[in-house]
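Everything below concerns the one structure shown next.
The values are calculated or read from the model by the stated rules, or taken from the named source; none is laboratory data. Predicted model, so just to flag it, every value in this text is computed and none were measured. FYI the Cβ positions are ideal-geometry reconstructions off the backbone, even for glycines, and counts take in every protein chain you see. To get the accessible areas, we keep the full protein, side chains included, count just its heavy atoms, and leave off ligands, DNA and RNA. Shrake-Rupley method; radii C 1.70, N 1.55, O 1.52, S 1.80 Å.
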Amino acid sequence: MTSETPNKLSLSRFEELLDQHGSDATGWPATERDAAQALLTMSAEARSLQQRAAETDQRLSQWQSPEASPGFRRRLLADFAAQQPAPSWLGLLMRQLGGARLAMPAMAAAMVLGIMVGNWLPMDGSSVDDVASDDALSLLQYDLGEEGEW
Amino acid sequence: MTTAGGDDPDLPLVIAIGQGDASAAATLVDRYARRLQAFAWRMLGDREEAEDVVQDSFLRLWKHARRWKPGAARFSTWLYQVAANGCRDRLRKRRDHSAEAVDWLVDDTPGGREQLQQAERDAVVQQAVNELPDRQREALLLSHYDGMGNPDIAAVLEVSVEAVESLLARARRRLRDELAPLKTQGKGESS
């Protein structure tokens, strides 16, 4: 059951609310706002208390802080930049290739191509073309012959 | 702002910063640097020191963003906690800074009598705020200048909401008494 009229608020509770939340009643607990408003319309003393609190708030609001010094924002962001790790060659390459979204497929394709070429090339001497193998052998012998004297 | 981290509007930016996103870093700087600088300046009364506190706070963010774990606290709460701790450390190192309030009056900037009167009023407010105990001052600054609700202030100061209400009540009561003469002074000067 809710009451049609707001609960009564004592003057001391009203003063407490002023102290705890300031003169602007919009920041007061919703459950006591209506009662506070009712008290304000009825009590000259409540209005006087509210007026005093509002003057204090006004005095405080007039106390402006100075602007930040020139370059302050830049200094903060320079700190941010300094904290970032140096980019790796891979990162730089990816950036050159248009970011991860474009670079990753290109790199994947290059990897697949590399694997295919690797599979196609011979793994040991048995499948090497005989002529090529003989050429390589004679070249080795030639080198050894020349260098064998030292 | 609430204490839960789940609906943190800054979270995507913090994650992006952890991945090295410079534009996310710039966005977060634009969102918080000025507010933190004003908070730190009101705590310390020194622009250079305030900027150093903010710079240290952001430096911690740049270093730790990669390991940021959402859920524990909202990012803004964490950032204010770091800045508030930075201010406390500096205040501990130099307890006696009340004379700085008067420095403003020595600044002989052009603008005449009106500006000087405003500077005098500012100095009175600054001195009254500076004379509050640290915790009361922090709570008041977060409440009045940063517009934080009491639960958020409680998260930054790592105390209960009831404790925040008590801190704010004592701070405001004291300021009301301290700043009351300004009203009559202001009237006297303008007439």
(request) Would you give the gap between the C-alpha center of the stretch B:4-58 and the C-alpha center of the stretch A:15-43, rounded to a whole Å? (result) 33 Å
(message) Could you work out the relative contact order of the stretch B:16-79? I mean the mean sequence separation of Cα pairs under 8 Å and 6+ apart, divided by the number of residues, in percent.
(response) 37 percent
(message) At 7 Å along Cα-to-Cβ for each site, give me the label-to-label distance between B:ASP177 and B:ASN85 in nm.
(response) 3.5 nm
(request) State to the nearest 20 debye the size of the charge dipole of the stretch B:1-95 about its Cα centre, where the only charges are +1 on K and R beta carbons and -1 on D and E beta carbons. (result) 440 debye
(request) Leaving out ligands, DNA and RNA, calculate the buried accessible area for the pair A and B with a 1.4 Å probe, summed over both sides, in Å² to the nearest 100. (result) 3700 Å²
(message) Sequence gap at least 6, Cα distance under 8 Å: using those rules, report the relative contact order of the stretch A:11-61 to the nearest whole percent.
(response) 45 percent
